[in-house]
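Q: Questions regarding the structure given below will be posed in turn.
Computed from the coordinates by the stated procedures, all read-outs in this text should not be read as laboratory data. Fair warning: this is a prediction, and the values are worked out from it, not measured in the lab. We place every Cβ from the backbone using ideal geometry, glycine too, and count neighbours over all the protein chains shown.
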Amino acid sequence: MLQALIVEFEKQGAHVLEADTDGLYLHAPEFYERPEELLARVAGVLPTGIDLEFDGKFDAMFCYKAKNYALLEDGEVTTRGSALRSRGLEPFLREMTEALLRHLLIAGGPAPEELLEKLRAGLRERSVDVRRLAKTEFLSLSPEAYRHAIEIESNKPRRAALEVALKMMPPPRQGESVTYYIAPGAKNNAPDWQRARPLDSYDPIKAPYDPGYYLEKLDDWIERYAAFLAPTARGSPQQNELLF
């Protein structure tokens, strides 16, 4: 049924942007103000007893990959999918993603390229607030259970959040969160778990963060979204999307 709907919507001049068993997002400017007419035109491909419902329309849509997209409605941006709103990202990377989406969808605010340059300069100078860099994770094990596991299995993978938990007093419990940053290491290629420090232990002189580590994180972000970072002249949103 989904495939039949996709074919029929395309026949009616609509472009399918996202489709799965939960619904379809379409670029259909001709029917933006009269979606019910489009519904009536495609209804014939559905079996008796199966109906489509119109769920809403949006000013613009950014499709990143399957089940990962952002929608603009009345100036507000809503994201869907873990690739665009991962809780595992550091705050400064989430901020950059949000700024990029708003710039692409609304064509407003500072260009992401400008923000990137300011962030790079701030990291090099260590003037970026460490709270924007620190990562928060919830513990899947208690620190004691983790300690016991690595004592028994010398080759067990080490985890930054749990290594930090072992340094905290009192130690957090399983299910609680730990917030940490990455400090410079004795060796440039030292793993994260060796350099992770509790956020509360941060000191700009005695225990600073490693700017090189976070500059590499920023480079990874740029590589991920490189296709969308070229400067473009955009006015008001030109796409009109319908959700069925």
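Q: Given a Förster distance of 41 angstrom, what is the FRET efficiency for residue 138 paired with residue 227, based on the Cβ-Cβ distance and rounded to 0.05? Present the calculation step by step, with values, prior to reporting the outcome.
A: On the way: r = 33 Å, r/R0 = 0.79.
Here the calculated transfer efficiency is 0.80.
Q: With percent of Cα pairs over 35 Å apart defined as stated, name the option among (1) 36; (2) 18; (3) 10 computed from the structure displayed.
A: (1)
Q: What order do you get for 193, 221 when you list them from fewest to most C-beta neighbours inside 10 Å?
A: Numbers: 193 15, 221 21.
Exposure proxy ranking, most exposed first: 193, 221.
Q: Something else: What's the center-to-center distance, using Cα atoms, between region 155-226 and region 26-96 in Å?
A: Cα centroid of region 155-226 versus Cα centroid of region 26-96: 36 Å apart.
Q: Please report how many Lys pairs in the chain have alpha carbons closer than 24 angstrom, counting only residues at least 8 apart along the chain or sitting on separate chains.
A: Taking the chain as the scope, the lysine pair count is 20.
Q: At R0 = 41 Å, how high is the FRET efficiency between residue 83 and residue 46 if r is their beta carbon distance? Nearest 0.05 is fine. Before the final figure, lay out the partial values.
A: Working: r = 32 Å, r/R0 = 0.77.
Taking R0 as 41 Å, the efficiency between residue 83 and residue 46 is 0.85.
Q: Per DSSP H run of at least 4 residues, take -39500 (n - 2.57); add these up for the chain, divide by its residues and hand me the 222 nm value, nearest 500 deg cm²/dmol. Numbers along the way, then the final one.
A: Working: 9 runs with 88 residues, N = 244.
About -10500 deg cm²/dmol.
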